Each structure stands twice: as C-alpha cells, then as structure tokens.
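Nothing in this text is a laboratory measurement; each read-out follows from the coordinates by a stated rule. Computed from a predicted structure; not experimentally measured. Here the Cβ positions follow ideal geometry from the backbone for every residue, glycine too, while neighbour counts run over all protein chains shown.
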Amino acid sequence: MEHKSFKSAVWAGTFLFLFPSIVYANSSWHWVTASPMKVLPFAAAFTILIETTSVIKLGRVTDFKKAFYIICLANLMSFIAPYLERAYRFIPTSGGYSIFAAFNKGPYYIVLAGYLILTIAVELPIVYFLLRKDSVNRKTLLVSILLSNIVTTLLVAVCERIICVGQW
C-alpha cells in the first residue's frame, strides 16, 4: 500500500513539475508597444490597396474608381463588425456599449482565427454582387476577391502580432 502512495506522489510531483500552471490573479492586460486601435488605419489602407489591385488586375474589373469605393465600403464593414460585436459583449461589465473597451481591454488582436471567415462572409458578397457586371469574367472576379482577402488577412495578422505586443 505504501508503495502505491509513493508512486502516486512521484507521478503527481512529476506532472506538476513538467506542466506548471501560470496564474495571473489580480493583474490586468496592457499593450507594451501599440494598441491594435493605432495600427488599424495602416492595416486598412494596406488591405484596400492590395484588394483593389487584385480585383482590377486578376478580376479584370474595368471601372477602377467604382472598384476602389466598393472595396473601401466592404473593408469598412468587415473591420467594424468584430468590434461592434465585442462592444456589445462588454455591456454587462462596462455598463454600456463601449467601443473603446472593445479595442483596449484584454489581449485581443484585430485578426483572430474567426476573422478570416467573417471577412469573407462580409466582403465577398458586397464586392462580388456590386462589381460582377463590371468584370470581364465573373469566375476570376470571385477567385480574386477570395484570394486577396485570404492573403491580406494573413498578412495583417502577422504584422499585427509583430507590431502590437502586450503583457499581463
């Protein structure tokens, strides 16, 4: 019986030593370098430039001005959507609809795992349905919108994690 308890204690000690749990009790998150809120305008401009170029060149859209405005509108909708949802979730804790808290409270980047899906769900229908008549080939337009959104979302995610560093 003593042998089993000794083995159990050794295994428990080994487990706790190999897999320690870090607890951040009574602490708060803060951005060390820059908040994603400060990076958002640069990310938006970068995204709009790449997506417009992709839709014009690969999607073969003839009207540059119209494509630019529509892509700006679609990006505005896709950049705002996650923050509006997050601000709505802050109502119970902040006492109101706080868009400021959505940007600055907690270790939340602009681009998370579900953001790519949200971006495609918001931007793809807007851009495709408003530009399909101005494109030479609808299939290449659809592919160019999809690929440019994937590329820009991944690039913004990588840049954001390099630029925006935070700690507890």
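So, in nm, how far is label S35 from label T53 when the simple model puts each one 7 Å beyond its Cα toward the Cβ?
3.1
Under a straight-distance cross-link criterion of Cα-Cα below 18 Å, which aspartates and glutamates are reachable from K66, leaving out those fewer than 8 residues away in the same chain?
E51, E123, D134
Please give, to one decimal in nm, the separation of the simple spin-label points placed at L76 and K139, each 7 Å out from Cα toward the Cβ.
3.4
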